[in-house]
Amino acid sequence: MDFKTDFKPLTVDPDKIYDYSFSIIAEEMGNHDFSEDEWKIVRRVIHASADFELGRSVIIHPNAIQAGVDAIRKGRHVIADVQMIESGTGKKRFQKHGGDVHCYISDPDVMVEAKRLNTTRAIISMQKAVKENEGGIYAIGNAPTALLELIRLIKEGIAKPDLIIGMPVGFVSAAESKEELAKITEVPFITNIGRKGGSTVTVAALNAISLLADS
């Protein structure tokens, strides 16, 4: 392929691009305290964001990885707060074990109830999700209100997810919702400190867990 620019890519081989990226990430990250499996998650978060500060801020509950792997292998579903996570996730790795990825935020009944109560669809979608799913992996990358509602449902004994990947981005309640997640003891979690996060890094962490479940 002839690129009409002065700069030429090192490679156009997709696998080699991943390899180059991960080697650069490892070199620039330097020393860290993540375990081998934790690092597989963190490096994908960095790869998705090109943000080492975000990567260093990741907090992984000691039981999170095994809980996520077990949930996938048992065919538990993934519940996403927004459709971007549903679209970006490698669904086939969940479906082969009997699970799938669901997002309820645009369901008509969720929209109607949120309007009736003058609250966010993210909150109502979490309420619906816990009614329709036993356990599961909750992947929240966009809506702090979804994460806070899920934490409330856990504390009230209504919900017991297998794993929460909670990394919402934003200026309003995002950092605070993750602080609350890091305090819970009932459910394993993966989160990060501060305002940074988002659907792409949440998907990256989720896909890393699914790859471990396949290994």
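Couple of notes before you dig in:
- For the range 44-67, the condition of being in contact with a Pro (Cβ under 8 Å, 6 or more places away or on another chain), in contact (Cβ under 8 Å) with a residue 12 or more places away in the chain and open to solvent by less than 30 Å² (accessible area, probe 1.4 Å) holds for at least one residue.
- From Thr145, Thr191, Thr200, Thr185, residue being of a type outside the set (Lys, Arg) and modelled with pLDDT under 95: Thr185
- Checked against (1) under 22 Å from Asp37 (Cβ atoms); (2) surrounded by fewer than 15 Cβ atoms within 10 Å (Cβ to Cβ), Tyr138 passes all but a single condition, namely (2).
- Count of the range 176-211 residues which are in a helix (DSSP H, G or I) and open to solvent by 20 Å² or more (accessible area, probe 1.4 Å): 8
- Residue list for the range 142-166, filter: in a loop (DSSP other than H, G, I, E, B) and of a type in the set (S, T, N, Q): Asn142
- Considering (1) β-branched (Val, Ile, Thr); (2) part of a loop (DSSP other than H, G, I, E, B); (3) open to solvent by less than 10 Å² (accessible area, probe 1.4 Å), the lone condition that Val169 does not fulfil carries the number (3).
The values are calculated or read from the model by the stated rules, or taken from the named source; none is laboratory data. Just so you know, these numbers come straight off a predicted model, no measurement behind them. Glycine also receives a Cβ, built like all others from the backbone with ideal geometry; neighbour counts cover every protein chain displayed. We work out accessible area using only protein heavy atoms, side chains counted, and drop any ligands, DNA or RNA first. Shrake-Rupley method; radii C 1.70, N 1.55, O 1.52, S 1.80 Å.
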